[in-house]
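The values are calculated or read from the model by the stated rules, or taken from the named source; none is laboratory data. Quick caveat, the model's predicted, so the values are computed rather than measured. FYI the Cβ positions are ideal-geometry reconstructions off the backbone, even for glycines, and counts take in every protein chain you see. Heavy atoms of the whole protein, side chains included, go into the accessibility calculation; ligands, DNA and RNA do not. Shrake-Rupley method; radii C 1.70, N 1.55, O 1.52, S 1.80 Å.
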Amino acid sequence: QVQLVESGGGLVQAGGSLRLSCAASGSIFSINPMGWYRQAPGKQRELVAIITNGCNTKYADSVNGRFTISRDNAKNTVYLQMNSLKPEDTDVYYCNRPYGRVWVWGQGTQVTVSS
């Protein structure tokens with residue numbers, strides 16, 4: 001079973017930047033597309049960015065042009081560079097497979113953007 005550990009969240013002012021990391025255990029990481037999700041309390045988890053194993057990317061309209069997803073298969077890690085952050089980006093961020101059956105969710109990393 002793949003284990004996912006997210007990190008890099010924090011408190012930032014509007015307009016600022018953060019870089020999230022997600023480290024995955026297991027050798028199957030490199031053959032899987034990966035995604036970043038976010039979830040606010042009481043709301044559904046939202047998929048905001050996808051990267052395929054061939055490094056093609058796709059973004060939700062709400063983050064397109066501000067967020068960049070990337071991956072380093074040698075390190076079993078996927079990243080989310082978040083620029084021009086807005087208060088509405090405040091959420092807990094998670095990584096996981098974007099299609100099919102997901103792996104066990106990690107603990108997520110809290111991102112808080114102050115106005």
>> Tell me the carbon and sulfur percent of the accessible area for the chain, rounded to whole percent, probe radius 1.4 Å.
In response: 48 percent
> Regarding the chain, what are the three Cα extents along the principal axes, ordered largest first, in Å?
Replying inline: 41, 27, 22
> Roughly how many Å² is the accessible area per residue of the chain, as a whole number, for a 1.4 Å probe?
Replying inline: 52 Å²
> Relative to the Cα centre, what is the charge dipole magnitude of the chain, using +1 at the beta carbon of each Lys and Arg, -1 at the beta carbon of each Asp and Glu, and rounding to the nearest 20 debye?
Replying inline: 180 debye
> Given the Cα-Cα distance of R19 and W105 and 0.36 nm per residue of separation, how much length would full extension add, in nm?
Replying inline: 29.0 nm
> Scanning the chain for trypsin sites (Lys or Arg not before Pro) in DSSP loops with at most 10 other Cβ atoms within 10 Å, what's the longest stretch left with none?
Replying inline: 44-100
